[in-house]
Structure formats: C-alpha cells, structure tokens
Amino acid sequence: MTREQSRTLRAGPGRQRTGDAPPAATENPVPAAWAEYLAAARQLDGVRRGAATAASEQARTVQAAREELTAVRTRLASQQTRLSELGVPAISLAPTPPELSEATRSMSGGPSAVLAALRDARRWAQGADDTLAARGLPRVAHWPPAARNLLVYGPLGLVLPVLLVAVHLVAGNSPVTVLALVVGLPTPALAFGVGWLVVGRLFPAQDGDRVDRTPRFGALTCLIPAVLATAGIVLAMLGA
C-alpha cells in the first residue's frame, strides 16, 4: 500500500462522520415573543377597561351625591325656618360635636358611603316634613291616600242623605220633600269640591310632589250615598 492510499483511508472515515452528523436546529424566537406580547396587551387592556369603568361609576356616584346634598340642604333650610317660627331655639337646630363626628365617620368610606348617608338624611328629613305638614294628624298623614281621604269625603258625602231623610220624615210626601230632592241634586258635586280643598289643606304636598286627592274615589264617595238616599225616598213616595 502506498503512502497516498494510506492517507486516503485515514481521511475518508473522518469526512464521512462529519457529513453524517445533522446540523444543529435553531428555534425561532419570534412566535413565542409575539404570544407574550399579545398576552401582555390583553392584560393591559383589561386593566384599562376596569379603571375606566371604576372612574365612570365613581363620577356617577359623585354627581348623585351632589344632587342629594342640594335636595337635603333645601329641605333642611325649609324645616329650620318652620321650626324657628314655632319657637324652637336655634341652638337645638345645630348639630352637636358628637353628631358631627359620627357623621364624618359614616362618610369616610368614599363617594358611595357619602351617597348612602345623604339618602338616609333625605329619608329622615322626609319623615320630619310629614310630621310638620300633618298639622296635628301625624298618623293619618302616613295612611294610604284612599283611607286618609275617606275621613274627608265620607262625612261630606253623608250630609245630603241625612238632610233628605230628615226632610222626608218631617214633611212626608209633600212638595217640600220634592223641593229638597231637586235642590239637593248638585250637592254631591259641591261636597266633592269642598273635600278636594280640605284634603289639600290638611295634607299639603311635599317639595316637588303633588297631593294625592284620589278624585275618582272621592267622587264616588260623595255621589253614591246621595243616589241611594234619593232613590229610596222617590220609591217611598211612589209607593205611597
């Protein structure tokens, strides 16, 4: 074997091993980085949306609290004037230091706590207004409107029937009874009108509200007794 052949045999296997080894695979980092970027963007968008929603809710709460504060101040000023006219000392109308401390502590939770405290104050002021406006009828003022107004419409609706029955018992089937029936025809409407005014006088409306006079109920209360009494007297006269 010559020297060149021996050199070729020694070099051949080395080159063959080098050619058989696969090249090292390099991983592409772009997809992984893009996925991480998308996840971070979604998380950031969620945080941004949450912050915007919280800010919007807080702004609405602050606006509602301002409106409640205006309404409470107006109502309290009116009550202070009325109580002063009734002789209540001014020192009794001012809050004491413990009351101020308690109010401050109850509103230390942010706009939501302030709004809740103002709504409670408005309800208390509404109750005080009801008591002041009832004019000696605080319990009746809290009754349902129909039951409350019945105390006014009921007696007025019974005036005509009682008078007609009394005239019929005294005068019998004379022309006086007929005249009383004719004169009494518009009396239910008059009773309803008087009841309408009395209900508004005894149970006045609060700020921004309207008096619930229950007009249909009042009209029926004034009309039905008169119709029944008139029909009964007419039937009695026809039967005689």
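Here are the numbers for the structure shown:
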| read-out | value |
| --- | --- |
| Calculated diffusion of segment 139-239, Stokes-Einstein form, Kirkwood radius summed over Cα pairs, 25 °C and 0.890 mPa s, µm²/s | 168 |
| Computed E for L83/R60 - FRET, C-beta separation, R0 45 angstrom, nearest 0.05 | 0.85 |
| Two-site FRET efficiency, F217 against R48, from Cβ-Cβ distance with R₀ of 51 Å, rounded to 0.05 | 0.35 |
| Protection-proxy order for peptides 72-82, 41-51, each taking the mean of Cβ atoms within 10 Å per residue, highest first | 72-82, 41-51 |
| For segment 37-99, alpha-carbon Rg relative to the globular expectation (2.2 N^0.38 Å, N residues) | 2.15 |
| Calculated diffusion of segment 62-133, Stokes-Einstein form, Kirkwood radius summed over Cα pairs, 10 °C and 1.306 mPa s, µm²/s | 121 |
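Bear in mind that the values in this text are calculations on the coordinates, not laboratory data. Please read these numbers as outputs of a predicted model, since none were measured by experiment. Cβ atoms come from the backbone with ideal geometry, glycine included; neighbour counts cover every protein chain shown.
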